[in-house]
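Data first, discussion second: the structure below is written as structure tokens.
Quick note: the coordinates plus some simple rules give every number you see, no bench work behind them. Keep in mind that this is a model prediction, so the values were computed, not measured. Here the Cβ is made from the backbone with ideal geometry for all residues, glycine too, and neighbour counts use every protein chain on show.
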Amino acid sequence: MPGSIRAQQNTLTLQLLARAGQQALTTEDSCTNAAGETFAVRNFRYYLSHIQLAGADGRYYEAAETAAYLADMRDSSSQQIMLTTKGPVQSIRFLLGVDSMANVTGVHTGTLDPAKGMFWTWNSGYIMAKLEGRSPQSTAPGRNFTYHIGGYKTGQQTARWITLPVTATPANRLVLAADILQWFGGSAGVTIASHPVCHEPGPLAVAIADNYTRMFSVVKEGEQQP
């Protein structure tokens, strides 16, 4: 990428947290979205790709050894990513999802292996993020709601670049929180009652992707961490 610089071997741990508002998210906990709908989450997964850091000069560099990581709220080993830095970090950016090249270059292994359950077909491509659970407001069978958000073709893209400032962080750890309540609402007014299921690329998937672009924040030093 133009303007990128090579990272030196200083280690930084990126710690991933899952939240519902300011509450730590665990499976089957009761949550309430802005529409007043109550629900419990059983599965929350998403891809992070092309993780980059920048210092005071604003120049970004690739900071991760692997192009893509799969974060899973049920797998603690997936919630820490080792990065390399070039001095103090002032900004982080990453792709939420996987890029279009990963969707069209054949079978992948590792975190992009289709066996991970984050892949549809070669026509539809990868699921960028997944949120599943149960809600009394759902009209789907079993009161389930399932959001499998993907799409890489023109007009259906759901991968999103996220850029966040880093104001004050310990020298060896950066904590990134993902708030699942941000999946709802937005300009499309997404609710569980109106849209309990999204399993294909299209306008609803794009709307939810636009919503969850807001879900990430850097946890500042001194803030309570669940």
| request: Give the label of the value calculated from the structure for mean projected area of the Cα convex hull in nm², choosing from [x] 14.2; [y] 11.8; [z] 12.6. | output: [z]
| query | How would you order 59-65, 120-126 from highest to lowest mean count of nearby Cβ atoms within 10 Å? | reply | 59-65, 120-126
| Cut-off 15 Å between beta-carbons: net charge of the residues surrounding SER124, Lys and Arg +1, Asp and Glu -1 | +1
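Subtracting the Cα-Cα distance from 0.36 nm times the residue separation, let me have the gained length for ARG59 to LYS220 in nm, one decimal. Intermediate values should be presented prior to the final figure.
Numbers: separation 161, 0.36 × 161 = 57.96 nm, distance 2.20 nm.
Length gained between ARG59 and LYS220: 55.8 nm.
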| message | As a quick test, which of the pairs LYS86/LYS130; LYS130/LYS220; LYS130/LYS153 have an alpha carbon distance above 24 angstrom in this structure? | response | LYS86/LYS130; LYS130/LYS220
| query | For the chain, what is the charge dipole size about the Cα centre, in debye to the nearest 20, if Lys and Arg each add +1 at the Cβ and Asp and Glu each add -1 at the Cβ? | reply | 140
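For THR105 and GLU200 in one chain, what is 0.36 nm times their gap in residues minus the Cα-Cα distance, to one decimal in nm?
Values: separation 95, 0.36 × 95 = 34.20 nm, distance 2.03 nm.
Gain in length upon complete extension: 32.2 nm.
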| task | Would you mind computing, in nm to one decimal, how far apart the modelled labels at SER78 and SER187 are, each placed 7 Å from Cα along Cα→Cβ? | result | 3.0
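What is the range 54-173's relative contact order, in percent, from Cα pairs under 8 angstrom and six or more apart in sequence? List each step's numbers first, then the result.
Working: 153 pairs, mean separation 30.6, N = 120.
This gives 26 percent for the range 54-173.
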| query | For labels at THR26 and THR167 in the simple 7 Å Cα→Cβ model, what's the distance in nm? | reply | 3.0
